[in-house]
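Read the structure below first, then the notes.
The values are calculated or read from the model by the stated rules, or taken from the named source; none is laboratory data. Keep in mind that what you see is a predicted model, and the values were worked out from it rather than measured. FYI the Cβ positions are ideal-geometry reconstructions off the backbone, even for glycines, and counts take in every protein chain you see. Only protein heavy atoms, including side chains, enter the accessible area calculation; ligands, DNA and RNA are left aside. Shrake-Rupley method; radii C 1.70, N 1.55, O 1.52, S 1.80 Å.
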Amino acid sequence: MKKGILVLLLLWISAPTLQAQEDDLALYCAKIVQEKDFNKSVVYKSPPTNEIVFSRFMKKGKPIYMVHLKKIERLKEAGYGATILLENGIRIHKHLKVSIRITDDKEFEHYVHFVLEDADRELLKNNLITDVVLHKISFVVQKPEKYQAYLKCIEKMP
């Protein structure tokens, strides 16, 4: 009997926290952008103003998830390698060429994008991103919980 009361008490106490988490997720989901690509397929994206953008589109009836990483710097750092560092110490690393374009402000935008494998997506949904490294350029991720929420939201889209 005491065990049952304790379980009910814990559920009652945690209910507002769970509701707050759902409310926070709903706020992030409202920011997901829906676009059409050149094939007129629907693409869902997290806000494109961020250094980390997640997207999802359908290919042959199967969802494809991508991550787009970018960082603007005053110096040009051409090279290979994109790494996402997670709070649990795991790294998601891809040996890809980091592309560079010049911004209107005459700075260098370093960027890379790649398909997220199912295992990578699970890691990102369950662990916060702490840092990103694009070749030699590294940056600490501010408000990592928002990126985790964006990925969860994109998965929920129809």
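Surface listing: Leu27, Leu116 arranged by accessible area from highest to lowest gives Leu27, Leu116, probe 1.4 Å.
Of the listed residues Thr49, Thr130, Thr83, the order by accessible area with a 1.4 Å probe, largest first, is Thr49, Thr130, Thr83. Placing unit charges on the Cβ atoms of the charged side chains and taking the dipole of segment 69-158 about its Cα centre, the candidate lying farthest along the positive direction among Val115, Asn126, Ile72 is Ile72. Spacing of the modelled spin labels on Glu73 and Ser41, each 7 Å from Cα toward Cβ, amounts to 3.3 nm. Using the 1.4 Å probe convention, the accessible area of the chain works out to 65 Å² per residue with neighbouring protein chains retained.
Each listed q (0.21, 0.29 Å⁻¹) maps to a log10 I(q)/I(0) for segment 107-158 from the Debye sum over equal C-alpha point scatterers, namely -0.92, -1.25. Shape descriptor for the chain: Rg over Rh equals 1.07 (Cα atoms; Rh from the Kirkwood inverse mean 1/r). Only aspartates and glutamates eight or more places from Lys70 in sequence, or on another chain, were considered; those with a Cα closer than 17 Å are Glu51, Asp104, Asp105, Glu107, Glu109, Asp131. The fraction of accessible area contributed by carbon and sulfur in the chain is 57 percent, rounded to a whole number (1.4 Å probe; ligands and nucleic acids excluded).
Please state the charge dipole magnitude for the chain, taken about the Cα centre, from unit charges on C-beta atoms (+1 on K and R, -1 on D and E), reported in debye and rounded to the nearest 20.
Roughly 420 debye for the chain.
The alpha carbon centroids of segment 50-92 and segment 116-133 are separated by 10 Å. Compactness of segment 88-137 was expressed as the Cα radius of gyration divided by 2.2 N^0.38 Å, which yields 1.38. Taking label points 7 Å from Cα along the Cα-to-Cβ direction, His113 and Ile100 give a separation of 2.1 nm.
Taking each residue as 0.36 nm, the span from Asp131 to Thr49 lengthens on full extension beyond its C-alpha to C-alpha distance by 27.8 nm.
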